[in-house]
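Heads up, the thing below is written out as structure tokens.
The values are calculated or read from the model by the stated rules, or taken from the named source; none is laboratory data. Here the structure is a predicted model, which means the values were calculated and not measured. Using ideal geometry, Cβ is built from the backbone for each residue, glycine included, and neighbour counts are taken over all protein chains shown. All accessible areas refer to the heavy atoms of the entire protein, side chains included, with ligands and DNA or RNA removed. Shrake-Rupley method; radii C 1.70, N 1.55, O 1.52, S 1.80 Å.
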Amino acid sequence: MPKAAGIAYRESGKPQTAAKHSPLILIHGAGGNALHWPPQVRRMKGRWILSVDLPGHGDSDPEGQSTIEGYVSCLETWLDELAIERAIWAGHSMGGAISLMASLTLPSRVAGLILVGSGARLRVHPSILDATADAETLSSAIELIMSWAFSSKTSSQLVGLVGKRMAETLAHVLHHDFKACDQFDVMSRLGEIRAPALVLCGQDDKLTAPKYSQYLSDHIPQASLRLFEDAGHMVMLEKPDEVARVIQDFITQIQLAPGESG
Ligand code: COA
């Protein structure tokens, strides 16, 4: 996998005139990696898409971070190294928090926001924080997270695969991710966001309840909400075709707006 600023990423559909375009960047959640996004989203037709392994995750070199601002700063350096001025930021869960923070602190670099299973405040259950604090209890932490992360309609094969991938994350990285989420709160700042936003959530999400997405959609000035039936927190893996379609439509709308190119 290519790397920039030590951050590994997968890339699809880079146009020849890349300098004129804003790519879609995909940012996974706590304990994830680029493969938390399904191929239907990572390789959407006609789109330039970069899917990252956050620092501390997957194949990336830099240390994991313990604040959302820390991850934003790493991604800013990564974008600088790739000479990407502006992007549509799509984030799942903690990745959504990173995208929201970027839209507040680096507004000129955010052409659009796609917030998947996320929220403006992400308090973490003490049992998750406790169980991830010790490498000895990592497997029980992952079991707990997996039991909350999917709709009951989702195949056990998918649940098993995602759990296996999460188990590859170092315990302290996962713990710091959850600490970063627990401290994140921009509930009073959503009115400042200027980027258009698409908010997606599974109806059965138990880690970031649909009411969190409703709040985002109600308080971000230009936002639309889409809820998915029979899907939980990992909605993009549980409903990959439907999620890809909604994202495609959103990007088309952004590109039709004056002054934007995709
Ligand atoms: N958007 C809208 N409302 C939110 C919100 C958000 N992002 N985050 C919290 N709230 C609401 C809650 O629904 C609650 O409303 P209520 O008083 O009407 O019930 C209120 O704000 C306070 O909630 P919270 O800050 O979460 O504190 P809490 O003490 O009620 O609960 C937890 C703490 C950890 C038990 C709870 O947040 C939880 O179960 N979280 C989900 C599980 C988890 O760990 N998720 C991981 C996320 S990365």
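Out of segment 116-133, which residues are open to solvent by less than 70 Å² (accessible area, probe 1.4 Å) and over 16 Å from the mean Cα position of the chain (by Cα)? Give the steps one after another, and end with the answer.
First pass over segment 116-133, keeping only residues open to solvent by less than 70 Å² (accessible area, probe 1.4 Å): 116-120, 122, 124, 127-129, 131-133.
Residues satisfying the conditions are Val124, Ser127, Ile128, Leu129, Ala131, Thr132, Ala133.
I'd like the full set of residues that are among the aliphatic types (A, V, I, L, M) and under 16 Å from the mean Cα position of the chain (by Cα), limited to segment 226-247. Break it down into steps so the answer makes sense when it comes.
As a first pass, look at segment 226-247 and keep what is among the aliphatic types (A, V, I, L, M): 227, 231, 234-237, 243-244, 246-247.
Within segment 226-247, Met234, Val235, Met236, Leu237, Val243, Ala244, Val246, Ile247 meet the criteria.
All but one of (1) out of contact with any His (no Cβ under 7 Å at 6 or more places or on another chain); (2) under 19 Å from Ser93 (Cα atoms); (3) not aliphatic (A, V, I, L, M) hold for Asn33, so report the exception by its number.
If we test Asn33 against (1) out of contact with any His (no Cβ under 7 Å at 6 or more places or on another chain); (2) under 19 Å from Ser93 (Cα atoms); (3) not aliphatic (A, V, I, L, M), just (1) comes out false.
Might you check whether a residue that is small (Gly, Ala, Ser), modelled with pLDDT under 95 and open to solvent by 70 Å² or more (accessible area, probe 1.4 Å) occurs anywhere in segment 186-200?
No; the residues of segment 186-200 include none that is small (Gly, Ala, Ser), modelled with pLDDT under 95 and open to solvent by 70 Å² or more (accessible area, probe 1.4 Å).
Please give the helices (runs of 4 or more DSSP H) falling wholly within segment 173-259 in which 1 or more residues are more than 13 Å from the ligand (Cβ to nearest atom) and of a type in the set (Lys, Arg). Quick ask: steps written out before the conclusion?
Details: elements: 210-219, 235-238, 240-256.
Because the criterion is at least 1 residues that are more than 13 Å from the ligand (Cβ to nearest atom) and of a type in the set (Lys, Arg), the helices (runs of 4 or more DSSP H) in segment 173-259 that meet it are 240-256.
Quick grid of which residues meet (1) of a type in the set (Gly, Ala, Ser); (2) without any contact (Cβ under 8 Å) to a residue 60 or more places away in the chain; (3) open to solvent by less than 50 Å² (accessible area, probe 1.4 Å):
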| position | (1), (2), (3) |
| --- | --- |
| Ala19 | yes, no, no |
| Leu24 | no, no, yes |
| Trp37 | no, no, yes |
| Met44 | no, no, yes |
| Val52 | no, yes, yes |
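Residue check: is Glu81 modelled with pLDDT of 95 or more and surrounded by fewer than 20 Cβ atoms within 10 Å (Cβ to Cβ)?
Working: modelled with pLDDT of 95 or more: yes; surrounded by fewer than 20 Cβ atoms within 10 Å (Cβ to Cβ): yes.
The answer is yes for Glu81.
Of the numbered conditions (1) of a type outside the set (Val, Ile, Thr); (2) over 18 Å from the mean Cα position of the chain (by Cα); (3) surrounded by 15 or more Cβ atoms within 10 Å (Cβ to Cβ), Phe250 satisfies every one except a single condition; which is it?
In the conditions (1) of a type outside the set (Val, Ile, Thr); (2) over 18 Å from the mean Cα position of the chain (by Cα); (3) surrounded by 15 or more Cβ atoms within 10 Å (Cβ to Cβ), Phe250 misses (2) alone.
Out of curiosity, is Lys179 closer than 18 Å to Arg121 by Cβ, out of contact with any strand residue (DSSP E or B) (no Cβ under 6 Å at 6 or more places or on another chain) and open to solvent by 20 Å² or more (accessible area, probe 1.4 Å)?
yes
Which one of Ser156, Ser118 is among the polar types (S, T, N, Q) and within 13 Å of the ligand (Cβ to nearest atom)? Don't jump to the end; show me each part of the working.
Details: Ser156 fails: within 13 Å of the ligand (Cβ to nearest atom).
Every option except Ser118 fails the conditions.
Can you tell me which residue within segment 103-115, out of those that are buried (at least 16 other Cβ atoms within 10 Å of the Cβ) and away from the ligand (no atom under 16 Å from the Cβ), is farthest from Ile25 (Cα to Cα)?
Only one residue tops the list, namely Leu106.
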